Every structure is written in structure tokens, then in C-alpha cells.
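Working notes, structure below.
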Amino acid sequence: MLLEKIKLEKSINKIKIIKMIVILFLIMDMFVLFACLFMSPQIDLKYGKEINIKYPSKYKEPGYSAKVLGKDISKKVLVKGKISNNPGTYKVTYIVKNFIFKTVAIRTVNIIDDQPPKIILKGNNNVQICPGTKYKEEGFEVTDNYDKDIVSNVEIENNDLEIIYRVKDSSNNKAQVIRKVIEVDNSKPEIKLNGSLPTYISLGSKYKEPGYSATDNCDGDLTKSVKVTGEINSNKPGKYYITYTVSDKSLNTQTIKREVIVQNVRSTGFGCGLAGAIYLTFDDGPSEGSTTKILDILKEEGVKATFFVTNNGPDYLIKRAYDEGHTIALHTATHNYSLVYASVDNYFNDLKTVSNRVKRITGYESKFIRFPGGSSNIVSKKYSPGIMSTLTQEVVNRGYKYYDWNISSEDAGRCAKEKSSSCVYNNAVLGLSKNRCNMILLHDIKFYTADALRDIIKYGKSNNYIFRQIDKTTPMVKQHINN
Ligand code: ZN
């Protein structure tokens, strides 16, 4: 019984010891927990553990603080981690220690590119192409806020009615542009008329179609499909119209008209040898300005002319005309009718003066002359009856050749009042004939003559006339002598 009692007491003691040990361990745990809670530092990250930044804004440390037992130890925090400016996810590590206790905090930084690229099409976004043809890519450009060269990433989907251009940047931002392609031809063909417009023909002469051509943006050359209608009565002066019509395959129709003017032109009918040749002859110059312009045009057009000069104007223009290959001829020095037609001697003295001038400037002795007023003038009768009959003989005796004209541009006549270059042009071209030589009287002292010259030359060229200057082989052009 006693033994049993002793045994029981022993086991009770054992249990008490175990209880004590357990309590002791619990107290120690509490202590460690307490130490951990109060002795390890706390890190506080301003704006949280994850920050999103939109590219191209740059990351800037937003701030942090660290504490232990209420004491600020922010200065002890070690910050680690590099963040580039490129889109991506980055980590920043914050470490702080207190005795044996160490705390680590991590902040995640996302640099986000949410801007899609931009596709810019070259050419139009809405394209019209000729029916039955294929669209020829005109190209495109791509820009992106981050990716430098992504034009090669563009994928093209080619449907019948549209072309879809797609591209992604390295952050998977997508862009898409559509080019609409329509097969249609809304453009009319174009008709070009040859020859000068309006087209002049002289009364009684036959109208000959100067020609035309037609082209279309889709169908090409349509000249053969042009329908020409209209009639011209060349026996009746007036305005007539020739109509040209052409349609393309898409039934776009073009119609244009040519104005044809039938005019009654007086032509003296005599010639100077070479049929179809035009002699541009300029009297009374030179003159600063207008002669310069005439020489410029002749040079540009590659045409040579004849200048019947006087004592007018500067020497250098005679020199220039001579140097550029034109014929320098004589028209008298003074051009004063009462003086030059007062006597034969007077005439030749005056002629000698201008001849000397030309020789002094060019070294050349000209034997080509034109009488002031022409050989048919009647004004001379007032000063010396019969003088033209004498002079026309006498000049030939003295080795000269004289040249009147068979076409007057009227630049010193009818056209002078309105100073009209179209009047000069009309008179010049309407007098032209292929059956004889055409010696046209012009005056290089008239600015409106200079303005008409280019068109006269163009007309002559496009109608297959040839331009000539007076030379030793040119037969004299003589009008009827009236005094
Ligand atoms: Zn004259």
C-alpha cells in the first residue's frame, strides 16, 4: 500500500516537472515573438508595392521610411535595383537591419507602353483604279512612340475591295489601316488639237484638218475612235466649228471644238522664189526693248530674219543681230520722206549714212535695201514726181537689190491704232501661201509686234513653212511702181 503511494507521488512529481518545462518554453517563445515584433524594423513604401508608369515618363523613387520601436531609421535603408526607361517590369529592393534583425521590402515597377503605332499610307486611303487592273502599292510609313523600325512588321491582307495593313509594337499595341480600292474610271479622255487655235484659213482656200490626238487614263490612245463633225464653207467668211468627240470604255465622253475662221485676205500674189518660205523682215529699228525681245525670240526659236535698219537705236542691237546671223539690210538713215525723196542725190546720201553705220558696227557692207514706204509709195510724188521710177532703176545700177513685201502685218497700219498683237498675228498668218515665198513686213520698233512674233513662228512651223533670211540668192520682191 505504502509502496503504491510512493509510486503515485513520484509520477505526480514527473508530471509537475514536465508542466514546468512546457510553461518555461512557452514563456521563452513569447519572449522571442515579442522581440521579433518589436525589435525588427518596419519598412513603409510610399505609393505601395507596385507602381505603373506610362512610357515615356521616367521612374523616380517615390520615397520610403523605416522604423523600429518608434524610432526613424530611414537613413539606414539600402535601396537596390536598376530601372531603365524602356517598357518592362523592374524590381527595387529596400533592405534595413537592426542588430540581428533584417527587413526586406520589394517594390515592382511596371513601365507600360500603351500607345499603339500609327500607319500612314502613301497615296490615297480611297483609291480608284482602272477596271480590270491591279492596284500598285504606293507604300506606307509606320511611326511608334517606342519602337524605332517596325515598318517591316506590317502585315498586309489584300482583299478584293480593300487592303488591310496591320502592325504590332513590341508591347503588343495594335494598329490597323484600311485602303479602299475601287475599280472605276470617271475620267474623260483628253483630246489635243494640232495647229493654231483658232484656225484661220483664207477665203476660197480648202480647209485641211490640222490633226488631233486623244488619250485616256485607262484606255490609252483613242485617236482612232475620235468622231469629227462639222462643215466649213470656205467660200463664205465667218466662224465655223469642227467638233471632236470620243468616249472611253467606261463611256466617259469628251467633246471639244475647233474654231475655224474663214477670212478675206488680200494677197498681192507675187513671190520671191522659194515657195513655202517665210521671210520675216523688220523695218525702222533697231529699238531698245522691242528689238531685244525680237532677237531673243528668234534665238529661242532658231529662226533667222532680216532687219532693214535706220539711224535709230543703239549700235549694239545691230551688232547683236549681225552676230546672231541675221541679215542686216538698209532702210535709209532718217526715214524722212520729204528729205530722202526730195532728190536722187538726197536719197543716196541718206542711204550712204546708214550704210556707213552698218559697216562701222559690223564691218559688213550691205547691198539689200527697202525703200521707206516701199517702191509703190505715192507719198514721194509730193516731193519729186517720178522719183521711184528712177530710184528703182538706179539702185540696181549701183549694185543694190531692193525688197518690198507681199504680206503686210499692218503693224504700222490698221493694227497700230489698238496696238494689237493678235491683229498683227492674223494679218501675218492669213497672208501665207505655200505656192509662193512669203515676205512679211513687220516693224521691230513695235512692242506688240514683238508680242505677236512667237505665235507667227509657231504657226509657220506647225504648218510646215520654212524660215529664210534675205541673202544673195533671194530674188527681189517688187511692188507696182506708182510714181
Ligand atoms: Zn519704214
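Couple of notes before you dig in:
- The chain: relative contact order in percent, alpha carbon pairs under 8 Å with at least 6 residues between: 11
- Karplus-derived 3J(HN,Hα), 6.51/-1.76/1.60, for each residue of region 203-217, Hz, glycine and proline x: 3, x, 8, 7, 6, 10, 4, x, x, 7, 8, 9, 10, 10, 4
- Taking the DSSP bridge list for region 42-112 and keeping only pairs wholly inside it, about 80 percent are antiparallel.
- Panel values: region 355-458, Kirkwood radius from alpha carbon pairs, Stokes-Einstein at 4 °C and 1.567 mPa s, translational diffusion coefficient 83 µm²/s.
- Translational diffusion coefficient (Stokes-Einstein; Kirkwood radius from C-alpha pairs) of region 1-137 at 37 °C, 0.692 mPa s, in µm²/s: 150
- The peptide list 131-137, 103-109, put in order of mean Cβ contacts within 10 Å with the highest first, becomes 103-109, 131-137.
- Segments 179-186, 122-129, 276-283 sorted - mean Cβ within 10 Å per residue, highest first: 276-283, 179-186, 122-129
- Seen from Ile73, the other residues with C-beta closer than 10 Å to its C-beta sum to a net charge of +4, counting Lys and Arg as +1 and Asp and Glu as -1.
- Going from the residue with the fewest nearby Cβ atoms within 10 Å to the one with the most, Met388, Met439 rank Met388, Met439.
- In terms of the mean number of neighbouring beta-carbon atoms within 10 Å, the peptides 40-53, 18-31 order highest first as 40-53, 18-31.
- Cross-linked pairs Lys319/Lys359; Lys208/Lys434; Lys367/Lys461; Lys118/Lys174; Lys80/Lys148; Lys134/Lys192: Cα-Cα separations exceed 19 Å for Lys367/Lys461; Lys80/Lys148; Lys134/Lys192.
- Shown for the chain are the DSSP H helices of 20 Å or more along their axis, judged by Cα atoms, with a mean Kyte-Doolittle hydropathy of at least 0.0: 2-39.
- Rough spin-label spacing in nm, given labels placed 7 Å along Cα→Cβ, for Leu78 and Leu8: 6.5
- Inter-label distance, nm, simple model (7 Å from Cα along the C-beta direction), Glu157/Thr473: 7.7
- Spatial extent of region 277-468: Rg and Dmax, with the Cα atoms as the point set, Å: 16.1, 46
- Residues within the reach of a label modelled at Ser205 (point 7 angstrom out along Cα to beta-carbon, backbone nitrogen below 17 Å), restricted to region 414-451, are 423-441.
- Distance from region 2-41 to region 108-187 (C-alpha centre basis), Å: 79
- Over the chain - Rg/Rh using Cα atoms and the Kirkwood inverse-distance radius: 1.59
- From its DSSP helices (H runs of at least four residues, each -39,500 (n - 2.57)), the chain gives a residue-normalised ellipticity at 222 nm of -8000 deg cm²/dmol.
- Charge tally around Ile23: other residues with Cβ under 11 Å, Lys/Arg +1 each, Asp/Glu -1 each, net +1.
- Sequence-distant contacts, meaning Cα pairs under 8 Å at least 6 residues apart, place the relative contact order of region 191-263 at 36 percent.
- Each residue of region 112-121 is assigned a 3J(HN,Hα), and the resulting list reads 10, 9, 10, 8, x, x, 10, 9, 10, 7 Hz, derived from the Karplus form 6.51 cos²θ - 1.76 cosθ + 1.60 (θ = phi - 60°), x at Gly and Pro.
All of the numbers you see were taken from the coordinates with simple rules; none came from a lab. These figures come from a predicted structure and were not determined experimentally. Every residue, glycine as well, gets a Cβ built from its backbone with ideal geometry; the counts of neighbours run over all protein chains shown.
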